[in-house]
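Visitor: I'd like to ask you about the structure that follows.
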Amino acid sequence: MPHHLVILPLEVLQECFRHLLVVHDQALILCPDSSTPPAYRTSLQPSLLRVCRRFYQIGLPLLYGENTFTTSSSATSIDFDAHLSSLPGKNRQLITKIVLKIDWAILLWSIFPLIARQIAELKSLRQLEIIISDGNDPKPVRYPRDGPYGAVMLKSEKKALEELVSGLKGLRMLKLEGFLDDDFAKALEAMVNGA
């Protein structure tokens, strides 16, 4: 490696690395693979982190701390907790922004407490956006959202969301879009956003 790159001041290296490791106009899939949709492919250069220890120490907080992480679709949110737990702990703790797309009409409402537990462990998380849809795919099993069963589900969902938000002491921005109880969602957002 050219010697003059290593001796550049920290601020200069950070600004250069920011251009290679941060995408400001889109969220990144946490664990991309060959099935990642083209819309989520970027020109990020995380291999830069493998150049040397100094580059790793400078670049890692930029990669995880300044990017927004998401799932590729509502259906893939089911694996979000597994993707989070697959990251090394120090990398996970650098994440500050998450956009979680959820298809609430399938099994995800029952898995959400696991996802919420993983997210709650992110002490650096500052921004959380949860976008809930009812799904348009007729194939998955849909759960009724009315009657006594729906009321029990709604109560459980509210409890999981309240516990998640109250556990995230550093959270500064919450957006809860598409939740069945709009008043509850707005109150939770106001509590976090200081409105």
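Rule-based calculations on the coordinates, nothing more; no lab input. Owing to the predicted nature of the structure, the values given are computational and were not obtained by experimental measurement. Here Cβ is always computed from backbone atoms with ideal geometry, including for glycine, and neighbour counts include all displayed protein chains.
Visitor: Excluding L48 itself, what net charge comes from residues whose Cβ is under 12 Å from its Cβ, given Lys and Arg +1 and Asp and Glu -1?
Guide: Values: positive: R18, R50, R54; negative: none.
That sum, taken over residues with Cβ under 12 Å, equals +3.
Visitor: Sticking with this structure for a sec: Amide H neighbours of L176 under 5 Å, counting only residues 5+ apart in sequence or on other chains, H built in-plane at 1.01 Å?
Guide: Long-range HN contacts for L176: I130.
Visitor: Once you list every other residue whose beta carbon is under 9 Å from the beta carbon of D181, what net charge do they have if Lys and Arg are +1 and Asp and Glu are -1?
Guide: On the way: positive: K158; negative: E157, D182, D183.
Around D181, the charge tally is -2.
Visitor: Once you've got the Cα coordinates, tell me which of K97/K175; K101/K169; K97/K186; K101/K155; K90/K123; K158/K186 are over 18 Å apart.
Guide: Details: K97/K175 12 Å; K101/K169 22 Å; K97/K186 20 Å; K101/K155 20 Å; K90/K123 11 Å; K158/K186 12 Å.
Over 18 Å Cα-Cα: K101/K169; K97/K186; K101/K155.
Visitor: For T70, list long-range residues whose amide hydrogen, built 1.01 Å from N in the peptide plane, is under 5 Å from its own amide hydrogen.
Guide: Result for T70 returns L28, I29, L30, V99.
Visitor: Could I ask something else about it? Please give me the summed charge of the neighbours of L161: other residues whose Cβ is under 14 Å from its Cβ, Lys and Arg +1, Asp and Glu -1. Intermediate values should be presented prior to the final figure.
Guide: Working: positive: R117, K155, K158, K159, K175, K186; negative: E129, E157, E162, E163, E177, D181, D182, D183, E189.
Taking every Cβ under 14 Å from that of L161, the sum is -3.
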